[in-house]
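Peer 1: Just dropping this structure here.
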Amino acid sequence: QVQLVESGGGLVQSGGSLNLSCAGSGRISSVTVMGWYRQAPGKQRDFVALITSGGRATYADSVKGRFTISRDNAGNSVYLQMNSLTPEDTAVYYCHAITAGRIYWGQGTQVTVSS
């Protein structure tokens, strides 16, 4: 089992920044990929970014150049630095972790961007 706990969400004005954190525990050494999805009210959960255990990052087109994903050296935590936020970034942000054959999710953290 892998447990994930997100933090760092909140309310920010358009153009502002937030840094989300996701702390993993449990069988975290078996995790190969960690990343973030988001879900806006009434919409499906969408991919935001991921990073592999080797440090390779992938981003959704909508956040490229504005968001940066990183992972700590121990591989236990993943971070999402979000810059130049717009109201369209308002959503619940979910951390996820992938092991061989299973995806784990955190409980989510709310990000609200006011215009």
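Peer 1: Regarding Gly16, is this residue part of a loop (DSSP other than H, G, I, E, B) and surrounded by 14 or more Cβ atoms within 10 Å (Cβ to Cβ)?
Peer 2: Details: part of a loop (DSSP other than H, G, I, E, B): yes; surrounded by 14 or more Cβ atoms within 10 Å (Cβ to Cβ): yes.
Yes; evaluated as a whole, the condition is true for this residue.
Peer 1: Could you check Gly8 against (1) touching a helix residue (DSSP H, G or I) at 6+ places or on another chain (Cβ under 9 Å); (2) open to solvent by less than 60 Å² (accessible area, probe 1.4 Å); (3) not β-branched (Val, Ile, Thr) and say which number it fails?
Peer 2: Result: Gly8 passes all but (1).
Peer 1: Please go through region 53-80 and give me each residue that is open to solvent by 50 Å² or more (accessible area, probe 1.4 Å), over 23 Å from Gln3 (Cβ atoms) and under 11 Å from the mean Cα position of the chain (by Cα), ordered by number.
Peer 2: Tyr59, Thr68, listed by residue number.
Peer 1: Can I ask one more? If you take the residues in region 81-91 that are open to solvent by 20 Å² or more (accessible area, probe 1.4 Å) and in a helix (DSSP H, G or I), which one is nearest to Gln39 (Cα to Cα)?
Peer 2: Keep residues of region 81-91 that are open to solvent by 20 Å² or more (accessible area, probe 1.4 Å), which gives 81, 83-84, 86-88, 90.
Applying the additional criterion that residues be in a helix (DSSP H, G or I) yields 87-88.
Values: Pro87: 13, Glu88: 11 Å.
This residue is Glu88.
Peer 1: When you scan region 34-49, do you find a residue that is more than 15 Å from the chain's Cα centre (by Cα), open to solvent by less than 50 Å² (accessible area, probe 1.4 Å), in contact (Cβ under 8 Å) with a residue 60 or more places away in the chain and within 13 Å of Gln110 (Cα to Cα), even just one?
Peer 2: The answer is no, given that none of the residues of region 34-49 is more than 15 Å from the chain's Cα centre (by Cα), open to solvent by less than 50 Å² (accessible area, probe 1.4 Å), in contact (Cβ under 8 Å) with a residue 60 or more places away in the chain and within 13 Å of Gln110 (Cα to Cα).
The values are calculated or read from the model by the stated rules, or taken from the named source; none is laboratory data. This structure is a prediction, so every number in the text was calculated from the model and none was measured. Virtual Cβ from ideal backbone geometry, glycine too; neighbours counted across all protein chains shown. These accessible areas exclude ligands, DNA and RNA; they are computed on the full protein's heavy atoms, side chains included. Shrake-Rupley method; radii C 1.70, N 1.55, O 1.52, S 1.80 Å.
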